[in-house]
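These notes concern the structure reproduced below.
Readers should treat all values here as calculations from the given coordinates under stated rules, not as data from a laboratory. All values derive from a computational prediction rather than experimental measurement. Counting neighbours? That spans all protein chains shown, and the Cβs are built from the backbone with ideal geometry, glycine included.
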Amino acid sequence: MPRVFTSTKFQKRYKKQTEAVKQAAREQEQIFLQNTHDPSLETHKLHGRDHESWAYSVTHKIRIKFIFITTDIVMYLDIGTHDEVY
């Protein structure tokens with residue numbers, strides 16, 4: 001099970017999310033902690049300037065962008081819509 005740390009940017013953006021999005025994020029994180037590549041998360045590697053980052057779906061519109069520091073340490077970088085995160 002990976003340990004998750006959060007960037008300052010992620011923390012600020014998370015606070016601005018609705019309660020419904022925060023609840024969905026908590027639920028999806030539980031799945032993520034069990035299997036970072038669970039199909040329901042739609043985990044995918046990013047490209048271009050974010051080529052070292054990954055993202056997974058919280059809702060149809062909201063994503064969490066993250067990086068693997070090691071195989072068992074993850075840093076959440078951002079949360080928001082596709083346009084906000086990428």
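What list of ³J(HN,Hα) values in whole Hz, one per residue of segment 55-65 in order, does the Karplus curve 6.51 cos²θ - 1.76 cosθ + 1.60 (θ = phi - 60°) give from phi, with Gly and Pro shown as x?
Karplus-based 3J(HN,Hα) across segment 55-65 equals 8, 9, 7, 9, 9, 4, 9, 9, 10, 10, 9 Hz.
Check each of the trypsin sites (Lys or Arg not before Pro) in segment 1-61 and keep only those in coil by DSSP with at most 12 other C-beta atoms within 10 angstrom; list them in order.
On the way: sites: ARG3, LYS9, LYS12, ARG13, LYS15, LYS16, LYS22, ARG26, LYS45, ARG49, LYS61; in loops: LYS16, LYS61.
When the trypsin sites (Lys or Arg not before Pro) of segment 1-61 are filtered for loop state and at most 12 Cβ neighbours within 10 Å, LYS16, LYS61 remain.
For Cα extents along the principal axes in Å, several values are listed as (i) 31, 28, 24; (ii) 60, 31, 29; (iii) 91, 33, 17; flag the one computed from this structure.
(i)
Where a Cα-Cα gap under 16 Å defines reach, which lysines qualify for LYS15, not counting those fewer than 8 residues away within the same chain?
The reachable lysines, counting only those whose Cα sits under 16 Å from LYS15, are LYS65.
The chain: which GluC sites (Glu not before Pro) are DSSP loop and have at most 10 other beta-carbon atoms within 10 angstrom?
Listed in order of number, the matching sites are GLU52.
Per residue of the chain, what 222 nm ellipticity follows from adding -39500 (n - 2.57) for every DSSP H run with n ≥ 4, rounded to the nearest 500?
Value at 222 nm, helices only, nearest 500: -9500 deg cm²/dmol.
Please report, in debye to the nearest 20, how large the charge dipole of the chain is about its Cα centre when each Lys and Arg carries +1 at its beta carbon and each Asp and Glu carries -1 there.
For the chain, the charge dipole is close to 360 debye.
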